[in-house]
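Heads up, the thing below is written out as C-alpha cells.
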Amino acid sequence: MEGKNHYLKAAQRAAKWHDEYRNKMRKCKFDTIAVHGLYSMQEALDFNQGSIIEPMYASTSQAYRDSDEMELALGYQIPTWCYSRIANPSMYYLEGLLAMLEEYKTGQEASCLVTSSGMSAIRTAVDEFLHPDPKNPKKPRNFVATSQVYGGTFQQFSVRKGQEDGIEWRKVINSADMKEWESLIDENTRFLYGEMPSNPTLAFFDLKKVADLAHKHGIPFIVDATVATPALMRPLAFGADIVIHSVTKSLHTSGFGIAGAIVSRKNITSKFGNKDMKANFCGYLKLLPARDNGPNLSPMQCILAINDIRTLRMRMDVCSENTMKVSKFLEKHKHISKVNYLGLESHPLHKIAKKYMVLVDSEFETKDKKPVNRYGHLMSFEVKGGAENARKVFDAFEHIWRATDLGRIKSVATIPAISTHSQQGEEGRKAAAIPMNLIRLSVGAENPDDMIRDLEQALAVLDGKKKKSTSPEYSAGGASSATLRR
Ligand SMILES: Cc1ncc(COP(=O)(O)O)c(C=O)c1O
C-alpha cells in the first residue's frame with residue numbers, strides 16, 4: 001500500500017499543478033490559447049526533451065513502473081494515457097486546446113473528446129441520449145433536429161437511427177420558426193440538435209431561444225458548429241450543452257486528414273442518462289463509452305490538427321473577408337439566381353447571424369472597440385438555367401478545386417446534389433432545400449481577385465465564350481530536358 005500511496009500523492013500534486021497551469025492559460029487571449037494550448041515549457045523540459053512542439057508518441061500503450069502503478073492507472077486513479085484507444089499525450093493536448101477555445105469568454109468550463117471523424121463525433125454524442133428506457137425498452141424514442149444538415153448527418157439520422165434503430169428523427173424544416181421546434185417536442189424527445197450555419201445552404205437560427213426551449217423540456221441542445229469554428233461562434237455562451245466539430249474542416253484546414261470533436265459544458269441538462277454523464281459529458285464519454293466503442297483519433301492526426309489550429313482566428317478572418325468579396329461579385333452576376341452567404345445584407349437570416357457570428361477578440365483591434373462580424377468561408381449559389389448550367393460552370397473552374405470538401409486553405413467547390421447530399425435522394429434534398437443547380441463554394445486564403453477571375457471565366461461558358469482546356473499528357477513531377485530550359 002506504501003507504493004500506491006506514493007503514486008496517489010504524486011498524482012494529486014500533478015493534478016494541482018495542471019489545474020493551476022490551465023487556469024493561467026485561461027486568462028490569455030484567444031490567439032495565445034490557440035498557439036500554446038495546454039503545452040507548457042515546464043512539461044517540455046521535464047517530459048519531452050525540451051521539444052517546443054507537443055509530443056507525438058506513435059505508441060499503442062504506456063509502460064508502468066510496477067503493478068501498483070498499473071492498477072491505479074487502469075482504475076483511472078492517477079493520470080495515465082495507458083492505451084491509445086483511450087488516451088494519448090497528443091490527444092490530451094488537442095482535447096485541452098479545443099475545450100479552452102470553445103469555452104473562451106463563455107463563462108462555462110468545457111471538456112472535449114476528439115474522435116476519428118466528425119461523423120463519429122455526432123454518433124458518439126447523440127448515442128448517449130438514445131439508449132432504450134431500461135424499464136420500458138419498447139417506449140418510443142425521438143429527437144428533434146434541423147433538416148438542413150450535412151448529407152452524412154442526414155443519412156446517420158434517417159437510415160442508422162430511423163430505419164435501423166427505430167428512433168424517430170423529427171425534422172425541423174424552417175429552423176428560424178420557434179413554433180415549429182416546439183410543436184415537435186414531446187415527453188419521448190431525447191435532445192434538440194441543429195447545424196448552424198448549415199452545410200451547404202447556410203441555414204441559421206436563434207441559438208439561445210432553441211437552448212432555452214430544450215432546457216424548458218429538460219433535454220440537452222447539441223449544435224454542430226463546424227462551419228463557424230470557435231473563432232466566430234461559441235455556442236456554449238448561449239446555453240448549448242454540447243458542440244460538435246468536424247475538425248477535418250476549417251480547424252484542420254490543410255486537408256491532411258479526418259478528425260472530429262465533441263465539446264461539452266459541465267452539468268449538461270438532460271432528464272436521460274446518469275449523474276456522471278451529466279456532470280462531465282466528454283470526460284464520461286472518454287473514460288467509458290468511447291473506451292468501449294473505440295472512435296479514437298490517431299496521435300499523428302492530433303498533432304496535425306493542433307498545428308493548424310494555432311492560426312485559426314487569423315485564417316477565419318481572412319477567409320471570411322475573401323468569401324464576402326466573392327459573394328458580392330456573384331450576387332450581381334447575370335447568370336446567378338441566388339447567393340447563400342450570411343454576410344450579405346440581402347440574406348434573410350443576416351440579422352440573426354450578425355448577432356452570433358463575431359470574430360473573437362476583434363474589439364481589441366478596432367478604434368471604437370466594437371467587435372466585428374465575420375461570417376465564415378462557406379457559401380453557395382444557384383446557377384440560372386438549372387442543373388446542366390451548374391455543371392458547365394463547375395466543370396470550367398481552373399483554380400477552384402472540384403472536391404467534396406470545405407474549410408480548406410484552398411478554394412474548393414462541389415455540387416451537393418450529386419455528391420455530399422446525393423444519398424438522401426430527391427425527397428431528402430427537398431427537405432434540406434438543396435436544388436440541383438446549387439454549387440457550394442468554400443473560399444480559401446488565395447487572393448480573392450484571382451478566385452473572382454476564375455468564377456468569371458467559368459460563368460462565361462454560359463455565354464459560349466470558353467474553350468475547353470486540354471490536360472497536359474505528362475505530370476510536371478519528373479525531370480526532362482524541359483527542366484534545363486527553365
Ligand atoms: C457540418 C458538418 N458536420 C459534420 C461533418 C462530418 O465530418 P467528417 O467528414 O469529419 O466525418 C461534415 C462533413 O462535411 C460537415 O460539413
Just a yes or no: is a residue in segment 431-448 within 24 Å of Arg313 (Cα to Cα) and either at pLDDT below 95 or surrounded by fewer than 14 Cβ atoms within 10 Å (Cβ to Cβ) (or both)? yes
Considering only segment 125-180, how many residues are within 16 Å of the ligand (Cβ to nearest atom) and of a type in the set (S, T, N, Q)? 8
Inspect all residues belonging to segment 215-223 and state whether any of them is β-branched (Val, Ile, Thr), at negative phi, away from the ligand (no atom under 12 Å from the Cβ) and assigned to a strand (DSSP E or B). no
For the subset of segment 374-408 comprising residues that are within 16 Å of the ligand (Cβ to nearest atom), over 21 Å from Gly428 (Cα atoms) and touching a residue at least 24 places away in the same chain (Cβ under 8 Å), which member is surrounded by the fewest Cβ atoms within 10 Å (Cβ to Cβ)? Arg408
Would you mind finding the one in Arg429, Arg440 that is within 16 Å of the ligand (Cβ to nearest atom) and in a strand (DSSP E or B)? Arg440
Picking from Ser120, Ser84, the residue that is within 16 Å of the ligand (Cβ to nearest atom), closer than 19 Å to Leu287 by Cα and of a type outside the set (A, V, I, L, M, F, W, C) would be Ser120
Residue match in segment 129-152 (condition: β-branched (Val, Ile, Thr) and part of a helix (DSSP H, G or I)): no
Number of the condition not met by Met324 [criteria: (1) assigned to a strand (DSSP E or B); (2) not assigned by TED's automatic domain parsing to the domain that holds Phe204]: (1)
Scan segment 174-190 residue by residue and report those that are surrounded by fewer than 14 Cβ atoms within 10 Å (Cβ to Cβ) and either outside the structural domain of Ser270 (by TED's automatic domain parsing) or closer than 17 Å to Ala433 by Cα (or both). Asp177
Collect the residues in segment 224-253 that are under 19 Å from Asp361 (Cα atoms), of a type in the set (A, V, I, L, M, F, W, C) and either part of a helix (DSSP H, G or I) or within 11 Å of the ligand (Cβ to nearest atom) (or both), keeping them in residue-number order. Ala225, Val227, Ala228, Ala231, Leu232, Leu236, Ala237, Phe238, Leu251
State which residue is farthest from the ligand (Cβ to nearest atom) when the search covers only segment 254-267 and only residues that are surrounded by 24 or more Cβ atoms within 10 Å (Cβ to Cβ) and among the β-branched types (Val, Ile, Thr). Val263
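The values are calculated or read from the model by the stated rules, or taken from the named source; none is laboratory data. Here the structure is a predicted model, which is why all the values come from computation and not from measurement. With ideal geometry, Cβ positions are generated from the backbone for all residues, glycine too; neighbour counts draw on all protein chains shown.
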